[in-house]
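The values are calculated or read from the model by the stated rules, or taken from the named source; none is laboratory data. What you are looking at is a predicted structure, and each value in this text was computed from that prediction instead of being measured. Using ideal geometry, Cβ is built from the backbone for each residue, glycine included, and neighbour counts are taken over all protein chains shown. Remember, those area values only see protein heavy atoms, side chains included, never the ligands or the DNA or RNA. Shrake-Rupley method; radii C 1.70, N 1.55, O 1.52, S 1.80 Å.
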Amino acid sequence: MDVSLWVWALFAVGVLAVLLVDLLVFHRRAHEVRLREAGLWTAIWLALAIGFAGVVWAWQGGEAATEYLTGYVIERSLSIDNIFVLAVIFGYFAVPPQYRHRALLPFNDGRHPS
C-alpha cells in the first residue's frame, strides 16, 4: 500500500490533536477516576478506533480495515496486562487514587491546576 506523505502528516496531526485535547483539557485536574468515568473514556476511544476503521475501509477497502482492526484488537489485548502492573505499582507505593493519572504523565511538573 502506497500512502502519500500528506496523508501521514494529516494522520500525525490528528493523533497529536486528540492526545493534546485528552491530556490538557479533559484530564487537567487531579481526581479519582471512578469505574463509570473509565468506562465512558474506554467507550469514547473505542468509538474513535472503530470510526478510524471505517475511514480505512472507505479509503483502502475491507482487507486494509480488517488488518487495522486485527492489529487494534491484538494491541488492546496486550495492553490489559498493563492495568494489573500499574495496580500493583500504585498499591506498593500507596499512590492516592486522585493522583494516579498525574503519576503516569512524564511531563507533569506539578504546575497544572488540581
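Given charges of +1 on the Cβ of Lys and Arg and -1 on the Cβ of Asp and Glu, with all other atoms neutral, how large is the dipole of the chain about its Cα centre, in debye to the nearest 20? Can you show the working numbers first?
Details: 8 positive and 9 negative charges, 131 e Å.
Charge dipole, the chain, about its Cα centre: 620 debye, nearest 20.
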Within the chain, longest stretch clear of exposed chymotrypsin sites (Phe, Trp or Tyr not before Pro) (DSSP loop, no more than 13 other Cβ within 10 Å): 1-92
Nearest-10 value in Å² for the accessible area of His101, using the 1.4 Å probe: 50
For the chain, convex hull of alpha carbons as volume per residue, Å³: 129
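Can you show me the helix-derived [θ] at 222 nm for the chain, built from DSSP H runs with n ≥ 4 at -39,500 (n - 2.57) apiece and divided by the number of residues, rounded to the nearest 500.
Details: 4 runs with 78 residues, N = 114.
Per the formula, -23500 deg cm²/dmol.
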Rough spin-label spacing in nm, given labels placed 7 Å along Cα→Cβ, for Trp8 and Leu40: 3.8
Residue-by-residue Karplus 3J(HN,Hα) for the range 68-77, coefficients 6.51, -1.76, 1.60, Hz, glycine and proline x: 4, 5, 4, x, 5, 5, 5, 4, 4, 5
Glu63 versus Tyr92: modelled label distance in nm, points set 7 Å from Cα along the beta carbon direction: 4.6
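Using the heavy atoms of the protein chains alone and a 1.4 angstrom probe, what is the accessible area of the chain per residue in square angstrom? Show your work: numbers first, answer last.
Values: 8900 Å² over 114 residues.
Accessible area per residue, the chain: 78 Å².
For Ile44, Ile83, give the ranking by accessible area with the largest first, probe 1.4 Å. If you can, show how the numbers build up before the last one.
Details: Ile44 65, Ile83 105 Å².
Result of the area sort, largest leading: Ile83, Ile44.
Considering only protein heavy atoms and a probe of 1.4 Å, how much of the accessible area of the range 10-114 is carbon and sulfur, as a whole percent?
Working: 5610 of 7970 Å².
The value for the range 10-114 is 70 percent carbon and sulfur by accessible area.
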